[in-house]
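> Below is the structure I would like to discuss, written out as structure tokens.
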Amino acid sequence: MPCTLLLVHFLFFITFSVYVQHVVSSIHRRFEYKYSFKGPHLTYQQGGIPFWSHYGDVIPSTDQVRVAPSLRSQRGSLWTSYNASFENWEVEMAFSISGMLRIGADGLAIWFTKERGPNGPVYGAADNWDGVGIFFDTYDNDDNGNNPIVLVVGNNGRLTYNHLNDGATQSLGSCIRDFRNRHYPVRARITYYKKTLSVAVNPGLADTEYAYESCAVVNDMILPKVGYFGVSAATGSLADDHDVLSFLTFSLREPGAESDKKQISDSERDAFQKEYEQFQKELEKRKEDYQKDHPTVSTPKEDEFYETDRQRELEMVSKGQDQIQQELNHLTERLKMMWGEQKRHSDILNRSNKEESQTTVKEGPTMAKSNLDNVLKIQKHLVQTLEEMRSSVSEIASKAKLIHQSSSGSSNAESKVTEIKEHVSIVKREMNNLLKNTVSGPNTRCPGIPSSPSCISTGHFLVFVILQTVFAMYYLIYRSKKESESKKFF
Ligand SMILES: [Ca+2]
Ligand SMILES: [Ca+2]
């Protein structure tokens, strides 16, 4: 059971930490340059600090502000020129307090007060302030051995600071930190967010979030809505150098709060506008002065910086042509590839055909050619024979016709019949020769043609025609004989 409770507590702590981290990280943080200063160009040439006013023994330089030097009874302070009205804010200050002796004095203070306190007894600034002071007290006035110490002291304007006890009874929060004579600048962060003021100190070199150590947290702290940021320092009989290297102010805004638009007032906008116009005029004047001083240097015409419509069109056409050329080149490459591929396939086919012919036709190409020649020769011979047969058949037919028309004397008819017999016998003989040639000729297969009617079927057809013709002749002769015999009886 205790283990479970411990686990629940641990989970709650983790969840709460994540939630706090999320809230803190999501806060909008805006740098406020009018309430800040930082090197390396910290000051004007005249020595002033932009947007800040300094009083007393302050020594500004380009990279830091010595608020109080290491001399006896020095007092110095610097305050923002404008008051700030941030509801929530944060200040990060890098400072260095150093001296030759083991003990130093008196200390340094960060202020946010309703009015500026240029000079006074509280670390160089005025007493009875209305606001808050964060003190870095180096001198142990009450001899409690608790200095250097960091104190948070609030005041409504009526409280007088008690130096004798180091403000022990007036501080709202404090922490003992050795911020004197450090090798590196000490960083302090004061955050005022939702009426809670928290102070964290980073004594080391690392400027990271985790290097800050919480020093004091003051809840329900009411500060003036409008006030000035300030820094002050003082020395006594003992003296340290009190240097501030940077003072950075940020305004904080809750997530989803109103935007920054309203933070610029109309007067500020007008001031910026005037400043901008002044800058433009000054720029024009400088241009003219430069032209006067350098008349040989010609300024390029404004048109030379811009291209005309025609130039733009030409540019577009040129780009289009480039693209077309690229496409054509691409197409040519593709065609070359296709041609090569086609050639390769053709070579493969030729090679395979050659191999096939070598393996399947054993007689060889010369044998195939001679066979083909033989076939052609036989075909020619057949055609010639058929032509002769046709002429013989036609002659037989004409002579048979003559026999039929004349039918005059038997002796004459008998001579004609014998003549026809001779012709028929000639045709029969030639037919036999033809058949013999076709049957006993060389082994001639009709090349390439499947088993459709071949040369033999043509012979059969001719035989059939001849036989039919012979039968017709015999029939005509027989009829003419009968007619002549019947005439003998009349
Ligand atoms: Ca003190
Ligand atoms: Ca003390």
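The values are calculated or read from the model by the stated rules, or taken from the named source; none is laboratory data. All values reported here derive from a predicted model rather than from experimental measurement. Methodologically, a virtual Cβ is constructed for each residue, glycine included, from the backbone with ideal geometry; neighbour enumeration extends over all protein chains shown.
> Restricting attention to the range 126-155, report how many residues are away from ligand 2 (no atom under 16 Å from the Cβ), polar (S, T, N, Q) and closer than 25 Å to residue 214 by Cα.
Going through the range 126-155 one residue at a time, the tally reaches 1.
> Any chance the range 251-265 includes a residue that's in contact with a strand residue (DSSP E or B) (Cβ under 9 Å, 6 or more places away or on another chain), under 18 Å from residue 134 (Cα atoms) and modelled with pLDDT of 95 or more?
no
> Take residue 243 and tell me if it is among the acidic types (Asp, Glu) and under 12 Å from residue 93 (Cβ atoms). First the steps, then the outcome.
Working: among the acidic types (Asp, Glu): yes; under 12 Å from residue 93 (Cβ atoms): yes.
Here the answer is yes, as residue 243 does meet what is asked.
> Could you list all residues from the range 206-221 that are out of contact with any strand residue (DSSP E or B) (no Cβ under 7 Å at 6 or more places or on another chain) and either closer than 23 Å to residue 104 by Cα or surrounded by 11 or more Cβ atoms within 10 Å (Cβ to Cβ) (or both)? Break it down into steps so the answer makes sense when it comes.
If we filter the range 206-221 for residues that are out of contact with any strand residue (DSSP E or B) (no Cβ under 7 Å at 6 or more places or on another chain), which is where we start, we get 206, 208-210, 220.
Selection gives 206, 209.
> When residues of the range 1-55 are filtered for being modelled with pLDDT of 85 or more and not in a loop (DSSP other than H, G, I, E, B), how many remain?
13
> Also, quick follow-up: Could you check the range 84-111 and list, in sequence order, the residues that are within 16 Å of ligand 1 (Cβ to nearest atom) and surrounded by fewer than 18 Cβ atoms within 10 Å (Cβ to Cβ)?
Hits for the range 84-111 are 101, 102, 103.
> Could you tell me whether the range 96-112 includes any residue that is at pLDDT 95 or above, under 17 Å from residue 215 (Cβ atoms) and within 14 Å of ligand 2 (Cβ to nearest atom)?
yes
> Here is a further query. Name every residue in the range 112-127 that is away from ligand 1 (no atom under 11 Å from the Cβ) and either of a type outside the set (D, E, K, R) or crowded, with 24+ Cβ neighbours inside 10 Å (or both), in order of residue number. Outline the logic, then answer.
So the first thing to find is which residues in the range 112-127 are away from ligand 1 (no atom under 11 Å from the Cβ), and the list is 112-121, 124-127.
The answer is 112, 113, 117, 118, 119, 120, 121, 124, 125, 126.
> On the basis of being farther than 22 Å from residue 251 by Cβ and within 16 Å of ligand 2 (Cβ to nearest atom), does residue 59 make the cut?
Numbers: farther than 22 Å from residue 251 by Cβ: yes; within 16 Å of ligand 2 (Cβ to nearest atom): no.
No.
> Name every residue in the range 343-356 that is of a type in the set (S, T, N, Q) and at pLDDT 85 or above, in order of residue number.
Looking only at the range 343-356, we keep the residues that are of a type in the set (S, T, N, Q), and these are 346, 350, 352-353.
Residues satisfying the conditions are 346, 350.
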